[in-house]
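Structure first, commentary second.
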Amino acid sequence: MKQLIVMAMMLFSAVLSFGQNGWNDNEFVIGSGFNGSVYTSLALPDNGVVFGGDFTSYNGTNCQGIVKLRPDGTIDPNWLLSGYVPGAQNFSGGATVMDLKLESTGTILVSGAFPSYYGVGCPNLARINSLNGQIDIAFRDALVLNPPNGAVWSVDTQSDGKIILGGDFSTLAAANVRNGVARLLTNGSVDNTFTFSGATNATVRKVKVQSDNKILVGGNFTTINGVAKNRITRLNADGTSDATFLGNGANNFVLDIEVQSDNKILLCGDFTSYDVLLANRFIRLNPNGVQEGTFNNFNSTVRTMSILSNGSIAIGGQFDLFPTYPGIRFAVLNADLTYNSTFANPSANNTVLTTCLLADGRIAAGGGFTFFRGQAREKAAVMQYCDGFSIGTASSSPTLCINTALTPITHAITGGTSFTKVISSTGLPGGVTAAVVGGQLSISGTPTTSGTFNYSVTLSACQAAVATGIIIVNQNVLVSSAAASVASCIDVPLTPFTRTTFNASAIGSPTGLPPGISVAFSSNVITFSGTPTTAGVFNYSIPVTGNCASEIMTGTITVRPDVVVTDPATNYQCALSSFIPIGITVANATSIGTPTGFTGGMSATLSGNSVTINGTNTSFPGVYNYTIPVNGLCKPDTIFGTLITVDASELIPSNTMTNPPAVCVGLPIDTIKIATNQLVSSISESATFPLPAGINFSYVNDTIYIFGTATAPGATLIIMEASSPCGTDQISGMIEINSDFIFAGPAPTFTPVCVNTPITTVTQPFGGGNIDSIINLPQGITAVVLPFNPPLSNGGIEFSGTPTQSGTFNYTIYTSNPCTTEVLTGTMIINAASVSVSAASATPTVCTGSTITPITHTITGTGSVGAATGLPAGITASNAGNTITISGSSTISGTYNYTIPISGSCGSVNATGTITIITQNTVSAEPAAVVNCVNNAMTPIVRTTGGATGIGAVTGLPAGVSASWNANTLTINGTPTSIGTFNYSIPLTGGCGTVNATGTFVISPETACTQGIEENNSIQLTVFPNPVNDKVNITFEGTSTVSIDFIDINGKLVATNTGIQSGDVISIEHLEKGVYLMLVKSSEGNIIERLIKQ
């Protein structure tokens, strides 16, 4: 019998280690557990769990009423370190924690029957930090103003964080009647907008907030808000009764409520019916509260429910029978409320009061039991739970190279737990392993063997599952060993050489090859060729690729350089003196050839990387150019050099140094550098012209350096002397140090002057610099810097000018020089002028003989008006009441700029202005009508104008006739091309007045001019009036009688009169109005006259 028991225990232990739904998780070590019942449990995101109840210790550690455990069952040390003191109580006075709620802020609401927490009064409700267990004092301070007067059995939160309480309390403080249900604001104060009027007539054991913020309320009551509701009801979010929740409820206690994802409602408790229908301790309602069906499930009280990840339901209580399937005080139902047969038959030896689904998928249970699943579990246990445990296919079937890290292959795990483990693995390449990482199977590592590997990995969670896959590992590429270093000369073709590879299919881009060298790959052979263009030792690398990862081929190519010489600087030797050896640097040389251009016993030798030139004596002063051939392993080179033999005057090539910029006293000068030739042995400063105090010099590498900080201002001539075996030489220069002050005395004093009167020029002593800005000098006065050379010997700021504004001017002048800045202030008084005069009221332009509109000037102040000058004749100026009036008219044209002096006590002013007189336009008298025939050139008409500068648009001239004007002469000329009488008008422009030159043309047909009539200019004929109405008077001289023919403009003879004597009157009443030609005929000759009949 003992053997059977032992074997059974071994089998039981083996099954436990393999794992199955419902088996105790042996990695959650409960130890001696709790010394009192566990009423409530809360899963935390960190896989921890908080238990609450009436216990006072866990595993021997004092923790009255509440404790947080880590995933392995040990107390979270953060709670210990953050306020828990071993031996002290957290909840006191017979405390019982009945419910826990995790808020969205990460804090935990703790409800039950307790007066305080860690000595802080918080009747029946507290908010604590989930990380360390510390109490929220601000929440507590608000709560104690309105504490519940009875136990808080249940707590939940709405989406806005407001807190729903359910319990045995009737008030929150005396003034707040809240029978069994209340709502708090997030800060712990009573929410008076919650309109629940209470009136529950018995205990509220559970409040559950739905996703729509409506509140399910369960307990032992039979009325809510005065409405009959047996043990279950639903409130709207504001506390009013939800009229859409139907049904009359249960016949006994409702102890727990859960809402499924489809909004159906689960109830459990001590009832046996719901709305008179059978419902043994468990029931599911539709969202409207109507029973979904009958349920004959449990034979005793169901105390707690938890909805699992797949919709299954963990049930705990006092029952010991579920129909068909025995479940002692704990069972798991599927989502359709059938018994979950995959869950190992659980059992507890006493009531299960609470269950919860942990973050890692396990199930926690608590209550009054001491054994769970046949193992000692004092008041709490954690069970393994797998939801359809299976393993997915491989994420990849990789092909990779040996010794190359494998990109992890993953297999998804479904329904596992955080304690899912790898039991065994076969077929993996060496170096590759399998492990559960982050909730999935991960196969990773670096394969050390090649081949095709079909692997199999067995995992266990609550059951076993096998993952399979394939991994192909290929062999690496190989390359031949590098040969000895290959040598070649720069710019000389390399003798081609080859390297061998194995398993290669291509090569990558080489690196490190000498420029000019390239490689080619064919049939596992790499060929090197080309002409190197750069010397050096080149360690090359060539990637070689094949079916597997690349290999790197390495080697060395040495490219020898050509000979390189550094041509020496020009070398100086003292003329006719001992020779100083010359050293010349070379590189890559093996020998030298015969020099050319040597003199004075010179010779050359090579030693290492140096060629040395020596001799016995130098020549007379002169320049000697020489060459030395230099040989090496590759291309040779030639040294080209120059030897100059000098005397003492050439020691310093430049006799004048570049002077440094002037600096301020106390500031360092720019270092002066003076080059010397190689023969100088020492440098000194002249005793007569030494360096200024504070300035020093040094001589390094054939260069004189002059530097330092002068301590006194001034311009100093310096002379530096160079000594050598050839003698001495000198160089001179100047160092200028500026003063560190600007003004040498106070501001100047100015004698007050009148405005517009020049001031006496004043010079303010000035230590040199610039004027940066000037403020408040009178207008017209300037201050400028005069030239300055330190020390103070001349220069300054010069004030000069003529002020144009009066007043007292406190001026400020900001100045600076490279050494300092200073401000000069002073005062200048400008007296106002005693008299002033306004500008002319007008600047008129009038015609000759026209009276001008009077011009006025207003005098301000007291002054004497002098005689006017520059006025036109006929125009005068008068003064009355401080007003000068200019009036009159002038007959002389011109532009007159007048001046009228006005003298006052502080200066004089002039009234000035301009008057312009324009000449009247005139034109000479209108000539007689021009009579002509069409297409017959006319005799030009010339008329004289006056005052005009031109003519305007001409009107009325016959076609072919035009007018022009030049120098007061108006000329009308042309050949008329149209017949008729033309009255013309020519406006004059530019003068004064409107004047037109007018006249008449009578143009007849050509026949009127082709009758052979010749005019006799000796007959003097007068015809008047003309134009005429009916009678015309005829007078003439030079003949006794005449006859007259009247011809119209068409050339037709219309009337003839004969025997006419001088003084006769001829009637023309019978003629039509128009223009006629009068052909006057006599024995002395003929005359043509134009007549106009009106």
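The values are calculated or read from the model by the stated rules, or taken from the named source; none is laboratory data. Quick caveat, the model's predicted, so the values are computed rather than measured. All Cβ positions, even for glycine, are placed from backbone atoms using ideal geometry, and neighbour counts span all protein chains on display.
Give the residue that is surrounded by the most Cβ atoms within 10 Å (Cβ to Cβ), with candidates limited to residues of the stretch 42-71 that are among the charged types (D, E, K, R) and touching a residue at least 24 places away in the same chain (Cβ under 8 Å).
Quick first cut of the stretch 42-71, residues among the charged types (D, E, K, R) only: 46, 54, 68, 70.
Checking which are touching a residue at least 24 places away in the same chain (Cβ under 8 Å) leaves us with 46, 54, 68.
On the way: Asp46: 14, Asp54: 22, Lys68: 25.
Among them, the one singled out is Lys68.
Name every residue in the stretch 224-240 that is surrounded by fewer than 18 Cβ atoms within 10 Å (Cβ to Cβ) and more than 59 Å from the chain's Cα centre (by Cα), in order of residue number.
The first filter runs over the stretch 224-240 and keeps only residues surrounded by fewer than 18 Cβ atoms within 10 Å (Cβ to Cβ), leaving 226-228, 236, 238, 240.
Scanning the stretch 224-240 gives Gly226, Val227, Ala228.
Which ranges mark the strands (runs of 3 or more DSSP E) fully within the stretch 246-308 that have 3 or more residues being within 20 Å of Leu235 (Cβ to Cβ)? Write out each step before concluding.
On the way: elements: 254-259, 265-269, 282-285, 302-307.
Hits in the stretch 246-308: 254-259, 265-269.
Restricting attention to the stretch 483-518, report how many residues are modelled with pLDDT under 90, within 14 Å of Pro543 (Cα to Cα) and either assigned to a loop (DSSP other than H, G, I, E, B) or among the charged types (D, E, K, R) (or both).
4
Restricting attention to the stretch 189-210, which residues are over 17 Å from Met98 (Cα atoms) and modelled with pLDDT of 95 or more? Explain how you work it out, then say what you get.
We begin by selecting, within the stretch 189-210, every residue over 17 Å from Met98 (Cα atoms); these are 189-202, 209-210.
If the condition is that a residue be over 17 Å from Met98 (Cα atoms) and modelled with pLDDT of 95 or more, then Val209, Gln210 are the ones that fit.
Please list, ordered by first then second residue, the pairs with beta carbon atoms under 6 Å, 6 or more apart or interchain, first in the stretch 516-539 and exposed (fewer than 13 other Cβ atoms within 10 Å of the Cβ), second assigned to a loop (DSSP other than H, G, I, E, B).
The qualifying pairs are Thr533/Pro515; Thr533/Gly516.
Tell me, yes or no, whether the stretch 611-634 has at least one residue that is of a type outside the set (A, V, I, L, M), surrounded by fewer than 20 Cβ atoms within 10 Å (Cβ to Cβ) and without any contact (Cβ under 8 Å) to a residue 12 or more places away in the chain.
No, the stretch 611-634 contains no residue that is of a type outside the set (A, V, I, L, M), surrounded by fewer than 20 Cβ atoms within 10 Å (Cβ to Cβ) and without any contact (Cβ under 8 Å) to a residue 12 or more places away in the chain.
Scanning for something under 30 Å from Ser450 (Cβ atoms), in contact (Cβ under 8 Å) with a residue 40 or more places away in the chain and not charged (D, E, K, R), does the stretch 558-571 turn up at least one residue? Reasoning before the result, please.
Keep residues of the stretch 558-571 that are under 30 Å from Ser450 (Cβ atoms), which gives none.
Within the stretch 558-571, none of the residues are under 30 Å from Ser450 (Cβ atoms), in contact (Cβ under 8 Å) with a residue 40 or more places away in the chain and not charged (D, E, K, R).
Among the residues of the stretch 94-129, count how many are in a loop (DSSP other than H, G, I, E, B) and either of a type in the set (Val, Ile, Thr) or in contact with a Leu (Cβ under 6 Å, 6 or more places away or on another chain) (or both). Let's see the steps before the verdict.
Residues of the stretch 94-129 in a loop (DSSP other than H, G, I, E, B): 94-95, 103-106, 114-115, 118-119, 122-124.
Next cut, either of a type in the set (Val, Ile, Thr) or in contact with a Leu (Cβ under 6 Å, 6 or more places away or on another chain) (or both) only: 105.
The total comes to 1.
Please verify whether Ala243 is over 60 Å from the mean Cα position of the chain (by Cα) and assigned to a loop (DSSP other than H, G, I, E, B), treating the condition exactly as stated.
Values: over 60 Å from the mean Cα position of the chain (by Cα): yes; assigned to a loop (DSSP other than H, G, I, E, B): yes.
Taking the combined requirement at face value, the residue satisfies it.
For the stretch 206-220, which positions are in contact with a Lys or Arg (Cβ under 7 Å, 6 or more places away or on another chain), within 16 Å of Leu285 (Cβ to Cβ) and assigned to a loop (DSSP other than H, G, I, E, B)?
Selection gives Lys214 alone.
Report yes if Leu717 is over 30 Å from Asn817 (Cα atoms), among the aliphatic types (A, V, I, L, M) and outside the structural domain of Asn571 (by TED's automatic domain parsing), otherwise no. Step through it out loud before you land on a result.
Numbers: over 30 Å from Asn817 (Cα atoms): no; among the aliphatic types (A, V, I, L, M): yes; outside the structural domain of Asn571 (by TED's automatic domain parsing): yes.
Answer is no for this residue.
Somewhere in the stretch 1033-1049, is a residue surrounded by fewer than 12 Cβ atoms within 10 Å (Cβ to Cβ), of a type outside the set (A, V, I, L, M, F, W, C), in a strand (DSSP E or B) and not assigned by TED's automatic domain parsing to the domain that holds Val934? Please lay out each step first, then the result.
First, pick out the residues of the stretch 1033-1049 that are surrounded by fewer than 12 Cβ atoms within 10 Å (Cβ to Cβ): 1037, 1040.
Going one step further and asking which of them are of a type outside the set (A, V, I, L, M, F, W, C), we end up with 1037, 1040.
Filter again for in a strand (DSSP E or B), leaving 1037.
Subset that is not assigned by TED's automatic domain parsing to the domain that holds Val934: 1037.
Yes, the stretch 1033-1049 contains a residue that is surrounded by fewer than 12 Cβ atoms within 10 Å (Cβ to Cβ), of a type outside the set (A, V, I, L, M, F, W, C), in a strand (DSSP E or B) and not assigned by TED's automatic domain parsing to the domain that holds Val934.
Taking the criterion of being modelled with pLDDT of 90 or more and over 30 Å from Asn476 (Cβ atoms), would at least one residue in the stretch 562-570 satisfy it? Don't jump to the end; show me each part of the working.
Initial filter on the stretch 562-570 (modelled with pLDDT of 90 or more): none.
Within the stretch 562-570, none of the residues are modelled with pLDDT of 90 or more and over 30 Å from Asn476 (Cβ atoms).
Please enumerate the residues belonging to the stretch 1068-1089 that are hydroxyl-bearing (Ser, Thr, Tyr) and surrounded by 11 or more Cβ atoms within 10 Å (Cβ to Cβ). Before you say what the answer is, go through the steps one by one.
Step one: filter the stretch 1068-1089 for residues hydroxyl-bearing (Ser, Thr, Tyr), giving 1076, 1082-1083.
Tyr1076, Ser1082 - these are the residues of the stretch 1068-1089 that are hydroxyl-bearing (Ser, Thr, Tyr) and surrounded by 11 or more Cβ atoms within 10 Å (Cβ to Cβ).
From Thr446, Thr426, Thr452, grab the single residue that is without any contact (Cβ under 8 Å) to a residue 60 or more places away in the chain and either within 15 Å of Thr407 (Cβ to Cβ) or touching a Cys at 6+ places or on another chain (Cβ under 6 Å) (or both). Spell out the reasoning first.
Numbers: Thr426 fails: either within 15 Å of Thr407 (Cβ to Cβ) or touching a Cys at 6+ places or on another chain (Cβ under 6 Å) (or both); Thr452 fails: either within 15 Å of Thr407 (Cβ to Cβ) or touching a Cys at 6+ places or on another chain (Cβ under 6 Å) (or both).
Unique residue meeting the criteria: Thr446.
Among the residues of the stretch 282-297, count how many are closer than 16 Å to Val332 by Cβ and crowded, with 24+ Cβ neighbours inside 10 Å.
1
It is to be established whether one or more residues within the stretch 398-415 are polar (S, T, N, Q), surrounded by fewer than 17 Cβ atoms within 10 Å (Cβ to Cβ), at pLDDT below 85 and within 51 Å of the chain's Cα centre (by Cα).
Residues of the stretch 398-415 polar (S, T, N, Q): 399, 403-404, 407, 410, 414.
Right, trim to surrounded by fewer than 17 Cβ atoms within 10 Å (Cβ to Cβ) and you get 399, 403-404, 407, 414.
Narrowing further to those that are at pLDDT below 85: 414.
If we keep only those that are within 51 Å of the chain's Cα centre (by Cα) too, we end up with 414.
The answer is yes; a qualifying residue exists.
From the set of residues in the stretch 729-771 that are crowded, with 20+ Cβ neighbours inside 10 Å and at pLDDT below 75, which is nearest to the chain's Cα centre (by Cα)?
Taking the candidates together, the pick is Gly769.
Restricting to the stretch 652-675, give me the number of residues that are closer than 15 Å to Met734 by Cα, without any contact (Cβ under 8 Å) to a residue 40 or more places away in the chain and not in a loop (DSSP other than H, G, I, E, B).
Total meeting the criteria: 1.
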